[in-house]
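These notes concern the structure reproduced below.
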Amino acid sequence: QLHRRIRPVGQTKVTADRDRSLLAANINDPADVAKALANGAQAIGLFRTEFLYLKAHQLPTEAEQFRAYKAVLTQMGEKPVIIRTADIGGDKQETTGAFDDQMNPYLGLRGLRLSLTHQSIFRTQLRALLRASAYGKLSIMFPMVTTLHELRVAKALLDQERIKLLSEGVAIGRLKVGMMVEVPVVAIMADQFVNDVDFMSLGTNDLTQYLLAADRGNEQVADLYQPENPAIFRLVKSVIDACHDHQIPAFMCGELAADPLAIPILKGMGLDGFSMNPAAISYAKQLIDRLNTRRMVTLANEVVTMAADQKQVIDFVHQATANG
Ligand code: PEP
Ligand code: MG
């Protein structure tokens, strides 16, 4: 009976604005921007900055980082760019030797946890981002946020660096601050975080592995790694609702955002932005343009009441969307 307590999707007002969905690109390197633009990206929804650490033998300097961030922002011009602070750890093992190995990397020091443990390295990245903010429409996003305290510490460090740079006479643009929603506790408690951020972005790759306790890279449990499980959709919906209740946008940058089966459901839930591999954008756009939002709202409402297996969702959406 749990679903009865879940507010129907239709209660989230579908506005004209909400009918338009931002289609954005996930990139790993400034060189990917050209591909993103060529594929019609309206924004960079996720710039994974780990590339600076993953092949390097030493930590990237502030100047190196600044160049990389500025390169992305200037290429994007007026279009928004979300740059995520380093999400090192888990599947993204760095090579600089600056951080300890973790016995259980997905559950250890990774992402923002690692940044807050190594604050001088984190401050360097924040300074590079702040400097770059003068060159475009920048949003900074924190990965793997687990507690409100972590988020507030990260924001305080950002403020401290902003004040220092301003006192040095450095130009800083207006920037937004957002967080990834990829740790289950944050998804469940999203309403407690919305006042502290300008936007949220759902990281369904990690959210799925943590919710189903199935390693995202382990083929032996691939059948349990179910991004289309109804539990994911329920949680995603509650995060979108929490964002909309506080008038902030809800984006998604996990693989689910590019999944043709999930797109109608997510659209029905009012997701504001879909960020994906550049190569997936044009198909997703065609699909979204074809969708009748009202029908998708009905579809989304059905999915959140389903039993905990993704096969039911898959069969249902196939059937419901078969006739266009
Ligand atoms: C995610 O977890 O869904 C995500 C977008 O981040 P990454 O894949 O980089 O962990
Ligand atoms: Mg992630």
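Derivation of every value follows stated rules applied to the coordinates shown; laboratory data play no part. This is a predicted model, so every value here is computed, not measured. Positions of Cβ are generated from backbone atoms using ideal geometry, with glycine treated the same way; all protein chains shown enter the neighbour counts.
Details
- For peptides 312-321, 68-77, 221-230, sequence by mean Cβ density within 10 Å, most packed first: 68-77, 221-230, 312-321
- Scalar couplings 3J(HN,Hα) for the stretch 44-53, obtained by applying the Karplus form with A = 6.51, B = -1.76, C = 1.60 to θ = phi - 60°, are 9, x, 7, 9, 7, 7, 4, 3, 5, 10 Hz; x denotes Gly and Pro.
- Here each label is just a point 7 Å from Cα along the line to Cβ, and for LEU54 and LEU287 those points are 2.3 nm apart.
- Against the main long axis of the alpha-carbon atoms of the chain, helix 281-290 sits at an angle near 40°.
- Each Lys and Arg Cβ is given +1 and each Asp and Glu Cβ -1; about its Cα centre, the stretch 113-267 then shows a dipole of about 780 debye.
- Each residue of the stretch 126-142 was assigned a 3J(HN,Hα) from its phi angle through the Karplus expression (A = 6.51, B = -1.76, C = 1.60, θ = phi - 60°), giving 4, 5, 4, 5, 4, 4, 5, 4, 6, 10, x, 9, 9, 10, 9, 10, 9 Hz with x at Gly and Pro.
- With the simple model of a label 7 Å out from the Cα in the direction of the Cβ, THR61 to GLN102 spans 3.0 nm.
- Cα gyration tensor shape for the stretch 224-281, rounded if a/c is under 1.5, else prolate or oblate: oblate
- Only Lys, Arg (+1) and Asp, Glu (-1) charged, at Cβ; the chain dipole about Cα centre in debye: 940 debye
- In Hz, Karplus ³J(HN,Hα) per residue of the stretch 67-84 (6.51, -1.76, 1.60; θ = phi - 60°; x = Gly, Pro): 4, 5, 5, 4, 4, 5, 5, 5, 5, 7, x, 7, 7, x, 9, 9, 9, 8
- The listed peptides 262-271, 29-38, 152-161, 236-245, ordered by packing as a protection proxy, come out as 262-271, 236-245, 29-38, 152-161 (highest mean of other Cβ atoms within 10 Å first).
- Considering only ALA171, LEU109, ALA279, and ranking their Cα positions along the charge dipole of the chain that arises from unit charges at the beta-carbon of Lys, Arg, Asp and Glu, the one farthest toward the positive end is ALA171.
- Angle between the chain longest axis and helix 310-321 axis [Cα atoms, degrees, rounded to 10]: 70 degrees
- Checking the cross-link pairs LYS35/LYS164; LYS35/LYS70; LYS237/LYS285; LYS79/LYS176; LYS35/LYS55; LYS92/LYS137 against a 24 Å limit on the alpha carbon distance flags LYS35/LYS164; LYS92/LYS137 as lying beyond it.
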